[in-house]
Structure formats: C-alpha cells, structure tokens
Amino acid sequence: MALSRLDYFSDAIASWTKLAQLHPQDALAEDGLFRIGRMQFELGRATEVVTSFASYIQKYPDSPRVKEA
C-alpha cells in the first residue's frame, strides 16, 4: 500500500472520529463512523474493523447500512 494512501486513511479516520465525538447527533457522524470501518478494512485492521462496526450497529441499529457493517 502506498504511503500516501495510508496517510490519507489515517487522517480521514482521525477527522471522522473527531466529528463523531464532537457532534454525535449530526447526520454526518453516522456516515463517518461507517466510513471509519470501511477504511480500517481497506487498511487490513481486522480487530479495529470489528470494533468499529459493532459500535456502529449499537449506535444506529435501524440504519439500512447495518447489513453491510
């Protein structure tokens, strides 16, 4: 994996995490938490993927994306 892609995903994960923490009721927070799981998957971080998607499912059990998580 190119270093630039790793840096991009790491920065994006940090940004989405901050958004979700500061504005948990914002519609973008749900999208961000889902994207975090997808980026962790792309990075091969299996343990973090499971944790992220479990948290997503707990916070948004009625989301249509639950089946993807």
**OP:** Would you please list the contacts, defined by Cβ atoms under 6 Å and residues six or more apart or on different chains, that run from a residue in region 48-69 that is free of Cβ contacts under 8 Å to residues at least 40 places away in the same chain to a residue that is surrounded by 12 or more Cβ atoms within 10 Å (Cβ to Cβ) and part of a loop (DSSP other than H, G, I, E, B)?
**Re:** Phe53/Ala69; Tyr56/Ala69; Ile57/Ala69
Subject >> Residues (small (Gly, Ala, Ser) and more than 16 Å from Arg65 (Cβ to Cβ)) located in region 1-55 >> reply: Ala2, Ser4, Ser10, Ala12, Ala14, Ser15, Gly44, Ala46
Subject >> Counted residues, region 2-38 - those being touching a Lys or Arg at 6+ places or on another chain (Cβ under 9 Å), in contact (Cβ under 8 Å) with a residue 24 or more places away in the chain and of a type in the set (A, V, I, L, M) >> reply: 3
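No value in this document is a laboratory result; all are computed from the given coordinates. Predicted, not measured: the structure shown is a model, and the values here were computed from it. Using ideal geometry, Cβ is built from the backbone for each residue, glycine included, and neighbour counts are taken over all protein chains shown.
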